[in-house]
Amino acid sequence: MKKALLVFWAITLAYGAMAQEWSPVGNNIKTEWVKDVDPSCPRPEYPRPQMVRGDWMNLNGLWNYGITSADAVSFKAEGKILVPFAVESSLSGVGRFVGKDNALWYERTFTMPKGWKGKDVLLQFGAVDWKADVWVNDVKVGSHTGGYAPFSFDITPALVAKNNKLVVRVWDPTDKSYQPRGKQVSNPSGIWYTPVSGIWQTVWLEPVSEKHIADLRILPDVDRNVLKVDARIAEGTATDMVEVNVYDGGKLVASGKSINGQAVDVAMPENVKLWSPDSPFLYTLKVALLNKGKVVDKVDSYAAMRKFSTKRDENGIVRLELNNQPIF
């Protein structure tokens with residue numbers, strides 16, 4: 001009992017310290033859920049429901065940050081920022097504009113779990129607006145441009161056994177350059193929005209085998225009653241086998257396999273459940289990668305059996321159809 005109380009108070013004190021380091025800035029665009037934000041790990045859910053692995057590490061939380069000139073090659077921490085909220089936002093705890101003449105820097109440390117020894121480690125970003133340069137232990141591991149797309153780097157060669165340092169540098173010129181930006185402008189007013197700069201989606205680590213499932217492309221074919229699952233394999237060979245199992249709740253209803261890099265065509269049951277707004281049913285998918293009969297990677301996903309098409313009615317008017325039926 002005494003040990004349990006000590007653990008409770010340790011967690012309470014740690015959370016209190018984090019709360020002192022972070023608080024929302026200003027009162028713009030706040031909701032009733034602000035009070036529920038946990039600065040130790042905001043957005044704790046697995047961030048990629050289309051391809052879920054069970055083993056991962058969430059890197060959201062309080063990072064050091066600094067703002068320098070755009071051409072600076074290093075930075076000095078000015079305070080804490082709550083990832084994954086844009087630096088201009090209230091929930092970031094910073095609420096500052098960056099602009100094209102400056103760069104935004106992030107820094108944090110992490111320790112590798114012992115169970116990841118011998119695995120390749122992927123550093124995953126849900127989205128960073130706009131240009132991101134990334135270092136691990138002062139080794140540059142990659143760059144990415146694009147404010148809306150996820151990206152990742154294999155950081156295995158840069159890792160050390162204990163504390164690892166992660167640094168991210170971001171440059172976002174918003175409306176002073178050519179990138180897609182929606183209604184974000186440097187001087188928001190009227191219908192024009194505040195810029196969104198920096199990390200604004202979850203950052204996480206994921207251990208994988210050298211040979212692993214890198215991406216899934218899932219295409220339903222309602223007319224043939226087939227679900228096509230195309231798995232892109234990193235370091236794939238002709239002997240790799242991809243196995244797809246389809247579940248309705250906890251019941252296995254269909255399965256399929258392929259080799260030689262071919263997509264898996266899964267024959268769905270005759271009583272297939274089609275997706276519609278009135279019945280938005282999703283099948284659960286379990287996708288496994290096998291090499292010489294051994295499972296080397298597996299992910300969970302989901303799929304809807306549905307078809308969008310157009311057809312002219314008896315009056316020659318083009319109608320939108322869902323599952324071969326007109327829908328208004």
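Checking each residue in region 58-92 for being more than 21 Å from the chain's Cα centre (by Cα) and of a type in the set (Val, Ile, Thr) picks out 67, 68, 73. Answer yes if at least one residue in region 110-120 is in contact (Cβ under 8 Å) with a residue 24 or more places away in the chain and under 15 Å from the mean Cα position of the chain (by Cα), and no otherwise. Scanning region 110-120 turns up no residue that is in contact (Cβ under 8 Å) with a residue 24 or more places away in the chain and under 15 Å from the mean Cα position of the chain (by Cα).
At least 3 residues being under 19 Å from residue 117 (Cα atoms) is the threshold, and among the strands (runs of 3 or more DSSP E) wholly inside region 140-220 those reaching it are 163-171, 203-208. Can you tell which of 197, 177, 189, 209 is under 25 Å from residue 289 (Cβ atoms) and of a type in the set (Gly, Ala, Ser)? After ruling out the rest, the residue left standing is 209. Taking the criterion of being among the small types (Gly, Ala, Ser), farther than 30 Å from residue 34 by Cβ and assigned to a strand (DSSP E or B), would at least one residue in region 89-107 satisfy it? Among the residues of region 89-107, not one is among the small types (Gly, Ala, Ser), farther than 30 Å from residue 34 by Cβ and assigned to a strand (DSSP E or B), which makes the answer no. Highlighted here are the strands (runs of 3 or more DSSP E) found entirely within region 229-328 that include at least 1 residues which are open to solvent by 70 Å² or more (accessible area, probe 1.4 Å): 251-259, 264-267, 283-291, 294-303, 308-312, 318-322. When 165, 114, 131 are screened for being under 24 Å from residue 215 (Cα atoms) and basic (Lys, Arg), only 131 passes.
Residues in region 173-201 that are within 17 Å of residue 143 (Cα to Cα), under 20 Å from the mean Cα position of the chain (by Cα) and either modelled with pLDDT under 95 or open to solvent by less than 30 Å² (accessible area, probe 1.4 Å) (or both): 197, 198, 199. Taking the criterion of being open to solvent by 60 Å² or more (accessible area, probe 1.4 Å) and within 27 Å of residue 69 (Cα to Cα), the residues of region 149-172 that qualify are 150, 165, 171.
The values are calculated or read from the model by the stated rules, or taken from the named source; none is laboratory data. All values derive from a computational prediction rather than experimental measurement. Cβ: placed from backbone, ideal geometry, glycine included. Neighbour counts: every protein chain shown. Note: areas computed on protein heavy atoms with side chains; ligands, DNA, RNA excluded. Shrake-Rupley method; radii C 1.70, N 1.55, O 1.52, S 1.80 Å.
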